[in-house]
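Below: one structure, written as structure tokens.
Every read-out reported here was derived from the displayed coordinates using simple, explicitly stated rules and does not represent laboratory data. Quantities reported herein were computed from a predicted structural model and do not represent experimental measurements. Virtual Cβ from ideal backbone geometry, glycine too; neighbours counted across all protein chains shown.
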Amino acid sequence: FLQLKKLDQAVSAAHTFFVANPQHLQMREDIEKYRRMSGVKLHNFRDLEAIPHWEAYEAGMQHYNADEYPQAAARLEESLTEALSALEECRALCEGPWEDEDEDEEEEYMQPGLYEAIAAHYIQVLKCRQQCVLDIATKPGRISPAEDFIPSHLDLLQFSYDQAGNQTLAAECAASYLLFYPMDEPMLEKMKEYHAELGEDTHVTARENIRHYIQRSLMEKKLIYYAVEHLGGTFNDPDLWTPDELIPDNLKEKHREDQEKQKRGTLDAEDREKRGPLPFEGIAVTMDSSQMNGTQRVVFDRVLTESECKDLLRLTKVRPGSSGEGYRSRRSPHTPHERFEGLTVLKAVQLAQNGDVDWRDVKLFLQASEKSRKIIQSYFTPGKKLHFSFTHLVCRTAVDEEQEGRMDLSHPVHADNCLLDPEGQECWKEPPAYVYRDYSGILYLNDDFEGGDLFFTEVDSVTVTAKVHPKCGRLVAFSSGKENPHGVQAVNQGRRCAVALWYTHSKEHAEQERVKAEELVEQRAVEQDWPDGEERQGAVHNGRSSSELRVRSSRARPTSQAHKPGSEGTQRPKELRTRDEF
């Protein structure tokens, strides 16, 4: 369409593709180009495959967040109606012939006899119908569904009608919501207020379609749980509102265990905020979680000395030599106003092998990152090992002639192991996000530049909760999930360099490039009989010794995910980002 000069059709086609494939970098760049074209209007960005209830829901949420409550109520009502209609279509598609399930489950269900076969088929249909609520609650381009999709509509509608002054409809929505959560105290309080305002004689009733929806769902759940209890199999209940008394007694124990496990995980996270001594002397905790207005985040200072920072920065100054490789510069994937450069530990070792960099600087790179790992592990997860997921020495350089009128960020707001969805106030832990990453760190090497501060936000990606200014030897560490969305302010002048670090508890996802790099360093130490005394004095004081760099014979299993600059990708719905830099 673009080549045919049909710009409006090209824009709508690109937008439609990007909605379903938000991780596609080229399409994101094309969308940004279209936005800057004078002939393109806002209405050209339309989704040709839009799902009616999601289109209405997103429009309703925009009005809701703008405090435009009458308009929000109208679009959310439309969304609820369309969602229930889509649910019926999905349920109808569950009817049909028996579909073979995996062999293990089939063995559990398919007992000899006609009646058993009929029961198994019927239970399959019921389970399919129950899962339909997840289908309609899954946003296009996403894998994970929105939680409590139907009840949340009623909650939003109750508040919208209340703010718009329509107490009758607000009370109706509140009564309907209480069908899902009859013990919800805030909603019960609101119902008391509505009865007082409307008069005790006013009969407030829940919506009949919602009542029918719940009754039918509960009936199906009873049949499914009965089948699971007496015929075997499993059932993953898609609803959070299912009453506990509906679950058979012999299945409640597992349900309680899961809840206790989740509770213990929460307590463990809170307990990890109370730390013991750090593994190295001289390191200071400059800011903890409370000072940074969040959870699982901390700032350490004096992790490196000034001389160590200068030595590491030498690795960023090498240019292509006899090896044909060096610390190459390219345009940042996030902004046209900066250049981006990156160096992995394995590439650093290869440069040393070719004589382009000093071996001692490479060893310092390994030692500094290992020291950071030990600090973060001891602070956040004492007794539970963190493995390297990816290690990257990165620099961002402001393009001098392109800073005037700049409004963008050096790195947009994102989370490190999930796809940030600010409009939905959610972070989806699903591919292409690196869901196995547990903790993140940034070890800064300099501060002779303008801008480039790290900042944390709420899930809305707008409300800033904390800022950190880089300087030599400063290590910022935080958990990689939705509790720590972060971004980098524009680098307006100079060059900002840091070692970006990601860690995982999963040995299967350990960084294989690092294993190879350590093997090569150890091999050279053996071949050269490199004495410890040859190392520069003070290199990462209290850091990892040469013996600690020895690679054990047992290696982590290789992963299917290659770790290399530019391949580390995760994104949020509106902004694709690579994960290989901060």
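Listed peptides 34-40, 78-84 appear in the order 78-84, 34-40 once ranked by packing, highest mean of other Cβ atoms within 10 Å at the front. The equivalent ellipsoid that matches the C-alpha gyration tensor of region 284-524 spans semi-axes of 27, 23, 17 angstrom, in descending order.
ARG142 sits among other residues whose Cβ lies under 9 Å from its own Cβ, and their net charge, with Lys and Arg +1 and Asp and Glu -1, is -1. The residues packed around LEU2, meaning those with a beta-carbon under 15 Å from its beta-carbon, carry a net charge of +1 if Lys and Arg are +1 and Asp and Glu are -1.
TYR177 sits among other residues whose Cβ lies under 13 Å from its own Cβ, and their net charge, with Lys and Arg +1 and Asp and Glu -1, is -4. Distant-in-sequence amide contacts of LEU419, defined by a placed amide H-H separation under 5 Å and a gap of 5 or more residues or a different chain, comprise TRP428, LYS429, GLU430.
Placing unit charges on each Cβ (+1 for Lys and Arg, -1 for Asp and Glu) gives region 2-50 a dipole about its Cα centre, and among TYR34, HIS24, ALA50 the Cα reaching farthest toward its positive end belongs to TYR34. Relative protection proxy for 374-384, 434-444, from highest mean packing down: 434-444, 374-384 (other beta-carbon atoms within 10 angstrom). Per-residue Karplus couplings for region 497-502, computed as 6.51 cos²θ - 1.76 cosθ + 1.60 with θ equal to phi - 60°, are listed in order as 10, 7, 9, 8, 9, 10 Hz, Gly and Pro entered as x.
Hydrodynamic estimate: the Kirkwood radius of region 2-50 over Cα pairs, inserted into Stokes-Einstein at 10 °C and 1.306 mPa s, corresponds to D of 148 µm²/s.
Modelled label positions at VAL462 and ALA196, each set 7 Å beyond Cα in the direction of Cβ, lie 3.3 nm from each other.
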